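A short worksheet on the structure shown next.
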Amino acid sequence: MFLKYPDRMGNMEKKRYKLLDSVARVIVDRRNMIFLFYIIAVIFSLFSMGWVDVEEDIVNYLAEDSMTRQGIRIMEEEFTTYGMANVMVSNISYAHALSIAQDMEEIDGVDSVMFENSADHYRGASALFVVTFVGEETDDITLQAMEEVKELVSSYDSSISTTIGTNMVTQLIEDMTLIGVLAGIIIIIVLILTSQSFAEVPVLLITFGVAALLNIGTNFFLGRISFISNSVAVVLQLALAIDYAIILCHRFSEENEILPPREAAITALRKAIPEISSSSLTTIAGLGALAFMKFGVGKDLAAVMIKAILLSMMSVFTLMPGLLVLFSGLIHRSQHKSYIPSVSALGRFSIKTRYIIPPVFAVVLVVAYILSSKCPFVFSLDDIRGHRLSEAQMAEDRIKKKFGSSNNIALIVPAGNYEGEKRLLTVLEGYEEVDRAIGLANTEAIGGYMLTDALTPRQFSELMDLDYEIAQLLYTAYAIGDEDYGRVVSGIGQYRIPLIDMIQFSYEQVEGGFVTLDDELMEDLEASNRQLLSARSQMESERFSRMFLVLNLPLEGQETYDFLSAIHKEAGKYYDMNSVYLVGESTNSWDLSLSFDRDNLIISILSVSFVIIILTFTFRSLGLSFLLISVIQASIWINFSVPYIRNQGLYFLGFLLVSSIQMGANIDYAIVISSRYLNLRKDMSRDQAVVMAVNRGFPTVITSGIIMAVAGLLIGRISTDGATSVLGSYLGYGTIISMVLVIFVLPQLLYLGDIMVEKTSFRLRILSQDHQRARGKVKLRGKIKGYVDGEIDAYVEGTITGKVEGTFEIGEESGEDLKEGTGNTYEEV
């Protein structure tokens, strides 16, 4: 079949045109095979969705060399952390509360219940029980015991705060399912109102649904993804990529007015591929900047969302053309009038306010920058709450309101130096910032002795009510096992062994049959050994010792960070500083605050730089790129000025992620208006071009903007996870601000910046230099060197040597009056 090239096309453009046309034809003509491929891929994704490993703890995305991350790894490998729960029962007497505590201790699987007659445990007719279980959080015995504890207090006014039996991923999936349903309903309504045919809506939904399933089903290739990426990916994918399907759908409708469905789909796809690819570059650039964050969540979200964008493009390019052909008859029969009114009045408003809005915008830009830079950042998730709370969050908040919150820190040091640990704990307890310091060296065992106190055989025999000869025998066996033969030779009487070691060794000897004790003594030894093993598994391993500190400081802030540094320095007096680790919510916030400045700087520079480069080469005007960037950057600063005005902390992760997504995605709205203005400006005055650009670009901007804003606000309002809720809210509000600025500020900037855009424009000189001949009616765009024999109708820039005859318009576009003449003859050399 003869391929007709558009007018004014060079050789390189012809090659690209031919390639795109060939690709489009293959895709449309092989649509049934492509349908089969996607059916298989969707079925595979439905199974592979269950293979995705989701990371619930955001701390695991800290840098590998951060103190918190190293400390957590040590705790996971070296120590046992038993399940715990805070149980508050309100409107009871102290005596009744004491009875409940005793009942809790009788439950199989409960190790201990801390309840004292103090303000820390009983206040205002409310009792707080700190329950420790015999197993870790995921052990069956712990889960069963937790259910029995819940049943025990179910008839009371009770609140339970624990992570036992709770699954954040399951809760987020439930949240996102509800968000997806509501967003789907709203988006369908938006698409119906903005589409040209009712049958276009199912085509759009099928295309997006397949892309979303493929993205979810291929996440397992990334290994493990964060709960944030897992929860928001589908909704963000819809908001970011729905434009691609809308562009192709509108192209098909335009072509189908004059071409049959097959040819219309081929032509639409050929024209849409460059447009959609260019549009996706800014979004991918913004997301790509996240990958350079030191905090691993940025790289995780970037990988998931860039994959989502690419799969969305693949679905639009390969699946949607076939669907359009398949639904073409229904699309034609279900056409309806446009429900979006003409907004020419907005364009005329832009002309009238062209000298008012830009100065106001400049002032707002500066003020927004100042306010957003002053906003205090929050690094702890402990107090971050969404608009909707789960039962567990409400229970935790009730307990905090009644008894306050505690700041718990784990201090990890090398094992073996009990004396150094004892002195360190004594020093730390002397600080007014420390309410309590707990370790093996200051934990009481039996008879007033601490777990790590070193006892002689005589002291041990008296403590355990053991024959002195048996005690000596045990001490001798211990010395031989420790290869301390000098003690055996010089006399074992003054040999001192830490109590925790001696009880464990004695129990092993009795169990091995080397020593025999009476039943009563054996029972006491078993009870002591069980208690000490529990303490040792939590606070000591072969390589490390762990202490627990309770601070009366906020979870974050410079005062807290300074004191953490002081603790580290105190520990360094007794241990190697490089082997001392602090772990807790405060240390997590400290590490995040240390990496934030770097991440913020990198994301700001890279996202803006990437987008500027793409815009500059897209529009071939540096001035226009800065105009568009200023509008979107203003929307970001305005968005993050609100927390400062409200005197609210700004969650750092929401700021970093939304800033990058806004810059990469919302810039498309500005591109829509600007590209239409530049195209119209070739044939119209500035006034006409502005009015028409706003009127033509408004449907696209409002459609994409509403979908993005609705998706973000629904996440913010419905998600019970604080981080996810903050991300959605800021994204939704930021999108609304971007739409307002693009519609009500950008047109005035384009009008006044028209000359600047023109002066900073350039051309990419990718021209064919081949010597060619043509006869008949020839249209060209570019430079020609040679001879022309025939009638010419063109704008010419350059020198003509010879005789020229015709109608002339002579002048400059800068404003010089044009000179016109008909039939005049000019001689130019």
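To the nearest 10 degrees, how steep is helix 652-661 against the longest Cα principal axis of the chain, on a 0 to 90 scale?
Relative to the chain, helix 652-661 is tipped by roughly 20 degrees.
Looking at the square roots a ≥ b ≥ c of the eigenvalues of the Cα gyration tensor of region 469-543, which shape do they give, rounded for a/c under 1.5, prolate if a/b is larger than b/c, or oblate?
In terms of gyration-tensor shape, oblate.
Where both residues lie in the chain, what percent of DSSP beta bridges are antiparallel, nearest 5?
Numbers: 48 of 53 bridges.
Restricted to the chain, the bridges split so that about 90 percent are antiparallel.
Would you work out the charge dipole size for region 52-135 about its Cα centre, treating the Cβ of every Lys and Arg as +1 and the Cβ of every Asp and Glu as -1, and quote it to the nearest 20 debye?
Dipole about the Cα centre, nearest 20: 520 debye.
Is the shape of region 555-650 rounded, prolate or oblate, going by the alpha carbon gyration tensor and its root eigenvalues a ≥ b ≥ c, with a/c under 1.5 for rounded and a/b larger than b/c for prolate?
oblate
Test of understanding: what is the full-extension gain from THR353 to MET49, defined as 0.36 nm times their sequence separation minus their Cα-Cα distance?
Separation in residues times 0.36 nm, less the Cα-Cα distance, equals 104.2 nm.
So, with +1 on the Cβ of K and R and -1 on the Cβ of D and E, and no other charges, what is the size of the charge dipole of the chain about its Cα centre, to the nearest 20 debye?
Value, rounded to 20: 7300 debye.
Modelling each spin label as a point 7 Å along the Cα-to-Cβ direction, I'd like the HIS568/ASN647 distance in nm, to one decimal.
Placing both labels 7 Å beyond Cα along the Cβ direction yields 3.3 nm.
Answer with a single label: of (1) 28.6, 95; (2) 36.4, 133; (3) 31.2, 101, which was calculated as Rg and Dmax of the Cα atoms in Å from the structure in view?
Correct label is (2).
With axes computed from alpha carbons, what is the tilt in degrees of helix 622-639 against the longest principal axis of the chain, rounded to the nearest 10 within 0 to 90?
So the helix axis and the longest Cα principal axis differ by about 40 degrees.
Among the aspartates and glutamates, which fall within straight-line cross-link reach of LYS422, defined as a Cα-Cα distance under 13 Å, with same-chain neighbours fewer than 8 residues apart omitted?
Reachable aspartates and glutamates: GLU444, ASP453, GLU570.
Under the definition of Cα pairs under 8 Å and six or more residues apart, what whole-number percent is the relative contact order of the chain?
In percent, rounded to a whole number, it is 18.
What is the calculated FRET efficiency for ASP576 to GLU469, with r their C-beta to C-beta distance and R₀ = 45 Å, to the nearest 0.05?
0.60
Taking a label point 7 Å from the Cα of GLU523 along the Cα→Cβ vector, which residues of region 443-473 have an amide N closer than 20 Å to it?
Residues 446-447, 463-467 qualify, since their backbone N sits under 20 Å from the label point.
Modelled label-to-label distance, ILE480 and ASN60, 7 Å Cα→beta-carbon offset: nm?
Calculated label separation equals 4.8 nm.
Round to the nearest 0.05 the FRET efficiency obtained for GLN504 and GLU462 when R0 = 25 Å and r is the Cβ-Cβ distance.
Computed FRET efficiency for GLN504 and GLU462 comes out at 0.85.
Just want the answer: with Cβ charges of +1 for Lys and Arg and -1 for Asp and Glu, which residue in ASN91, GLY491, VAL297 is farthest toward the dipole's positive end in the chain?
Result: VAL297.
How tilted is helix 667-681 with respect to the longest principal axis of the chain? Cα atoms for both, answer in degrees (0 to 90, nearest 10).
Long axis of 667-681 versus the principal axis of the chain: about 10 degrees.
Identify, among LEU182, THR166, SER534, the residue whose Cα sits farthest towards the positive end of the charge dipole of the chain, taking +1 on the Cβ of Lys and Arg and -1 on the Cβ of Asp and Glu, with the dipole about the Cα centre.
LEU182
Quick one: accessible area per residue over the chain, 1.4 Å probe, rounded to a whole number of Å²? Walk me through the intermediate numbers first.
Values: 41860 Å² over 829 residues.
That works out to 50 Å² for each residue.
Under a crude label model (7 Å from the Cα following the beta-carbon direction), how far is GLU419 from ARG598 in nanometres?
4.1
Give, in nm to one decimal, the length gained when the segment between THR163 and ALA119 is fully stretched (0.36 nm per residue of separation minus the Cα-Cα distance). Present the calculation step by step, with values, prior to reporting the outcome.
Details: separation 44, 0.36 × 44 = 15.84 nm, distance 2.45 nm.
Full-extension gain reported as 13.4 nm.
Under 1.5 on a/c is rounded, so check that first for region 327-410, then, if it is not, pick prolate when a/b is larger than b/c and oblate when it is not; a ≥ b ≥ c are the square roots of the alpha carbon gyration tensor eigenvalues. Write down the numbers at each step before the final one.
Values: a/c = 4.22, a/b = 1.55, b/c = 2.72.
Oblate is the answer for region 327-410, as a/c is 1.5 or above yet b/c matches or exceeds a/b.
Taking Cα pairs under 8 Å and at least six residues apart, what relative contact order does region 113-244 come out at, in percent?
On the way: 54 pairs, mean separation 20.0, N = 132.
It comes to 15 percent, rounded to a whole number.
Among 551-560, 626-635, how do they line up by average Cβ neighbours within 10 Å per residue, starting with the highest?
626-635, 551-560
Computing the accessible area with a 1.4 Å probe over protein heavy atoms, can you report the carbon and sulfur percentage for region 428-570?
46
Out of the total accessible area of region 46-178 (probe 1.4 Å, heavy atoms of protein only), what percent is carbon and sulfur? Before the final figure, lay out the partial values.
Numbers: 3290 of 6810 Å².
Carbon and sulfur atoms account for 48 percent of the accessible area of region 46-178.
For the pair GLU444 and SER490, what calculated FRET efficiency results from E = 1/(1 + (r/R0)^6), where r is the Cβ-Cβ distance and R0 = 30 Å, to the nearest 0.05?
0.45
What full-extension length gain, to one decimal in nm, is calculated for HIS332 and ARG224 as 0.36 nm per residue of separation minus the Cα-Cα distance?
34.3 nm
The values are calculated or read from the model by the stated rules, or taken from the named source; none is laboratory data. These numbers were taken from a predicted model, which means no experiment stands behind them. Note that each Cβ is placed from the backbone with ideal geometry, even for glycine, and that neighbours are counted across all protein chains shown. Surface areas here come from the heavy atoms of the whole protein model, side chains and all, with no ligands, DNA or RNA. Shrake-Rupley method; radii C 1.70, N 1.55, O 1.52, S 1.80 Å.
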